[in-house]
1. How much length is gained on full extension from Lys57 to His107, taking 0.36 nm per residue of separation minus their Cα-Cα distance?
2. State, to one decimal in nm, how far the label point of Arg167 lies from the label point of Ala80, with both points 7 Å from Cα in the Cβ direction.
3. Measuring from centroid to centroid over Cα atoms, what is the spacing of segment 139-189 and segment 72-111 in Å?
4. With no solvent and one point per C-alpha, what does the Debye sum give as log10 I(q)/I(0) for segment 11-104 at q = 0.16, 0.18, 0.19, 0.20 Å⁻¹?
5. According to a simple spin-label model (label point 7 Å from Cα along Cα-to-Cβ), what is the distance in nm between Ser43 and Ala70?
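FYI, it's all coordinate maths here, none of it is from the lab. Because the structure is predicted, anything quoted here is derived from the model rather than measured. No Cβ is skipped: glycine too gets one built from the backbone with ideal geometry, and neighbour counts run over all protein chains shown.
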Amino acid sequence: MSSRTGSVPADPAPAGPALVLVGPPGAGKTTVGRVLARRLGVSFTDVDTLIVERIGKSIAEMFTEDGEDAFRALEREVVAEALATADGVLALGGGSVLAASTRERLHGHRVVLLWVGLSDGLRRTGMSTVARPLLAGVNPRATFKALLDARAPLYREVATVEVDTSRRSANQVARAVLVAAAEVHPEAVPPSVLQAALEPTPPQGTPAVDPDRTPSQGAPAVDPLDVPTPVAAVPLPDPLLRPHG
């Protein structure tokens, strides 16, 4: 079952987003976030999309032209604004948690870590160094593994719920998030939404964008998270939930 990290206190329902999604590239924050927002009947906000809209070019172009430091400074600013103004499901960029100020701001929010393992993460990102400049190098696999290892403690520092997305469809992941969030943050998931999430239904493959893809990165692809996979109708504890270690 889900559990809270020791560093995040059980606070009353916070103002701001209903749920905040964090996680590494390829975890499906954008795709799952849209599914969650639809199920909860709220808006969806993606920090990477806000950044692209503000700068008028892709994040990859900003990395190349302005450097990572400039991007991270803007990212911190946009995240702070979104945490204060967004009222639905908010997806942060994969590297947002690198900033200590952002991690501090996340304390007290309902933060869902969408985790992905090395193999699934590489498959979903396609090891694209164009859309994901941090994977640039002679060995994207080793780079991605180092990224996961370095960021895992930071994600878990801020997370109140963790769900493993590996080999799951977006709908399966969203179901797991709702069940876990309802346990830890019952005020965030209406009973009717939880009941619908608990009802066993065949997984549905729905058209989706590539995880974390921004509009400027071209035509959307079918997200591997949304590929239907067999799932047994079993009672809780939900096998999609991975407890914190």
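1. 14.9 nm
2. In this crude label model, Arg167 to Ala80 measures out at 4.3 nm.
3. 16 Å
4. Relative scattering, expressed as log10 I(q)/I(0), comes to -0.65, -0.81, -0.90, -0.99.
5. Reported label-point gap for Ala70 and Ser43 is 2.9 nm.
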